[in-house]
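Participant: Mind looking over this structure? Questions follow.
The values are calculated or read from the model by the stated rules, or taken from the named source; none is laboratory data. What you see is a predicted model; the values in this text were computed from it and never measured. Positions of Cβ are backbone-derived with ideal geometry, glycine not excepted, and every protein chain shown enters the neighbour counts.
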Amino acid sequence: MALAPNTQLKIERTENLPALPAVTLRVTELLQDSKSSAKEIADLLRQDQSLTVRILKLANSSYYAIPGGCKDVSRALSFLGFNTIAQLVLGLSVFSAFDKLGCSELKLIDFWKHALAVAVGTELLARELKCGNPEEAFTCGLLHDMGKLVLDRIEPQALNLVLDQAKAEQETFSDVETRLGFVGHEILGSKLAEHWGLPQMISHSILHHHLDLESISKLSQLDLNSRRLVSFVNLNNEWARESEQGHSGNFSKRFRSLTELSRQFQALELSHLNEERLKQLKQNVFKAFGRVEGLIHAFR
């Protein structure tokens, strides 16, 4: 089916957004190269002093709590590892690319607090349930709503309209987009991720994070662990909203019960996620959300 003209135009306009820094693009290449090394990323970061400073600020945040602190990239790498540092570079670069919002209803600090909460929760589930790469899971959670920032850049009046109606009717941002016939923010975000050459897992998690868990389980183009990771982004998007971690334009107060979630996770071959196990995981995630403040100030 051909896209509506305004939809196609919006997608094309994502390609006119600023490119990521050369250092970040190279880090993205290293992430996807099994032969890359920690030394390569350390050498790259030394070429960008401002990025190095921000990486060290994150490494010294209460979230990572490196013993004795960290004064150089090599030490950060030795404690946090190649994948964590590389994913933080991606996250910081996107933060910098979208350093302001033109609408009044959505505050950037609240948007990123929500995004970081989803990142922290998604990483925790990936680690505890041993599904996929926890560091990549963090970035998938962090960038899941990137399309809303894209919409603010290319058509701010559309963003304001969706936010106004979502607030007035206590609906989710996505539901209002659909009702108004707008191109979904998940499509805009995934297209920008592709344009920037970000890892495919990030693009897929952005594109599919609003699907229900049963639909996610049927994404045949993804392997099982990748589908599970997308489901973790989906779940933590809801849990972050439920615990009022920041704000991303969703005003709905509807949340799935643990009984419903346990049933839905069976489609992802996670039948051991019974209500009791989900309750425990939810408690762990909500506790981890308490560490987001230590990250938000380091990311800014």
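Participant: Taking the condition hydroxyl-bearing (S, T, Y), touching a His at 6+ places or on another chain (Cβ under 9 Å) and in the same structural domain as D110 (by TED's automatic domain parsing), does S203 pass?
Facilitator: no
Participant: Quick test of your reading of the structure: D152 fulfils all but one of (1) of a type in the set (D, E); (2) modelled with pLDDT under 95; (3) under 30 Å from L281 (Cα atoms). Name the failing condition by number.
Facilitator: Only one criterion in (1) of a type in the set (D, E); (2) modelled with pLDDT under 95; (3) under 30 Å from L281 (Cα atoms) is unmet by D152, namely (3).
Participant: Using the structure shown, decide if V120 is under 16 Å from L58 (Cβ atoms) and out of contact with any Cys (no Cβ under 9 Å at 6 or more places or on another chain). Reasoning before the result, please.
Facilitator: Details: under 16 Å from L58 (Cβ atoms): yes; out of contact with any Cys (no Cβ under 9 Å at 6 or more places or on another chain): yes.
Judged against the criteria, V120 is a match.
Participant: Still on this structure, please answer the following. In this structure, does C103 turn out to be touching a helix residue (DSSP H, G or I) at 6+ places or on another chain (Cβ under 6 Å), at pLDDT 95 or above and not acidic (D, E)? Walk me through how you get there before you give the answer.
Facilitator: Numbers: touching a helix residue (DSSP H, G or I) at 6+ places or on another chain (Cβ under 6 Å): yes; at pLDDT 95 or above: no; not acidic (D, E): yes.
Answer is no for this residue.
Participant: Could you check how many residues of the stretch 218-269 are touching a Lys or Arg at 6+ places or on another chain (Cβ under 7 Å) and within 16 Å of A126 (Cα to Cα)?
Facilitator: So the count comes out to 2.
Participant: While we're on this one: Could you tell me which numbered condition A76 fails, if it satisfies all but one of (1) within 14 Å of F299 (Cβ to Cβ); (2) touching a Cys at 6+ places or on another chain (Cβ under 8 Å)?
Facilitator: Going through (1) within 14 Å of F299 (Cβ to Cβ); (2) touching a Cys at 6+ places or on another chain (Cβ under 8 Å) one by one, A76 breaks only (1).
Participant: What number of residues within the stretch 30-74 satisfy the criterion of being free of Cβ contacts under 8 Å to residues at least 12 places away in the same chain and in a helix (DSSP H, G or I)?
Facilitator: So the answer is 6.
Participant: So, of the residues in the stretch 10-36 that are crowded, with 16+ Cβ neighbours inside 10 Å and touching a Pro at 6+ places or on another chain (Cβ under 8 Å), which turns out to be modelled with the lowest pLDDT?
Facilitator: This residue is L31.
Participant: For the stretch 106-145, which positions are among the aliphatic types (A, V, I, L, M), modelled with pLDDT under 95 and part of a helix (DSSP H, G or I)? Quick ask: steps written out before the conclusion?
Facilitator: We begin by selecting, within the stretch 106-145, every residue among the aliphatic types (A, V, I, L, M); these are 106, 108-109, 115-120, 124-126, 129, 137, 142-143.
Narrowing further to those that are modelled with pLDDT under 95: 106, 108-109.
The answer is L108, I109.
Participant: Working only within the stretch 92-117, note down all residues that are crowded, with 24+ Cβ neighbours inside 10 Å and of a type in the set (G, A, S).
Facilitator: Correct list: A115, A117.
Participant: Tell me which of these R54 doesn't satisfy, since it passes every other one: (1) over 17 Å from K148 (Cα atoms); (2) at pLDDT below 85; (3) not aliphatic (A, V, I, L, M).
Facilitator: (2)
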